Amino acid sequence: MARKIERPLVPEEWVLRLDAILGRLPRVHQESAWVGTRWRVGQATVAHVFGGEDQLFRITFRAEPDEVMAFGHLGEPYFTVGWSGNAVGMLLDDDTDWQELAELLTDSYCLQAPQHLAAQVDRPTG
């Protein structure tokens, strides 16, 4: 019988840091996911952070189609996922650029939130 590989828990410090980024957005709520933690607006998932069976930490989020293609070509720490045309992800580690990640998560929120909520968010330009 194959031994089940355990997934590591995302460091609490990272979950708190992500919640500080996402929790400031209108009507976002944090909840436990099938593995890890996710943030949603209504029933739409904005971001999902989890530990993988390979012991690496990942966060998935939404992006514009042209950005999905770019992330796919950039390689680590970015990756695309097969379950959605606009979902991408990023490996998290001690070298994560949290400012960049905050911008990516804000963009993800604006894609997932109802238009009237997304319009309330200040987004970086250029």
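The values are calculated or read from the model by the stated rules, or taken from the named source; none is laboratory data. Since the structure is predicted, the reported quantities are computational estimates derived from the model, not experimental observations. Methodologically, a virtual Cβ is constructed for each residue, glycine included, from the backbone with ideal geometry; neighbour enumeration extends over all protein chains shown. Please note that ligands, DNA and RNA were not included when accessible areas were found on the heavy atoms of the full protein model with its side chains. Shrake-Rupley method; radii C 1.70, N 1.55, O 1.52, S 1.80 Å.
Result for the chain in a Gaussian network model with C-alpha springs under 10 Å: among 105, 91, 56, the largest mean-square fluctuation is at 56. Across the chain, how large is the tail of the calculated P(r) beyond 25 Å, expressed as a percent of all Cα pairs? In whole percent, the share of Cα-Cα pairs in the chain beyond 25 Å is 21.
The longest part of the chain holding none of the exposed loop trypsin sites (Lys or Arg not before Pro), meaning those outside H, G, I, E and B in DSSP with at most 16 other Cβ atoms within 10 Å, is 28-126. Among 87, 113, 20, which one moves the most in a GNM of the chain with springs linking Cα atoms closer than 10 Å? Among 87, 113, 20, the largest GNM mean-square fluctuation belongs to 20.
Between the alpha-carbon centers of the stretch 86-105 and the stretch 37-51, tell me the distance in whole angstrom. Centre-to-centre distance over Cα atoms comes out at 14 Å. Shown for the stretch 1-55: the carbon plus sulfur share of the solvent-accessible area, taken with all protein chains present and a 1.4 angstrom probe, equals 51%. Computed from Cα atoms alone, the Kirkwood hydrodynamic radius reported for the stretch 63-126 is 12.7 Å. Using the rule -39500 (n - 2.57) for each DSSP H run of four or more residues, divided by the residues of the chain, the 222 nm mean residue ellipticity is -9500 deg cm²/dmol.
Divided by 2.2 N^0.38 Å, where N counts the residues, the Cα radius of gyration of the stretch 48-97 comes to 1.09.
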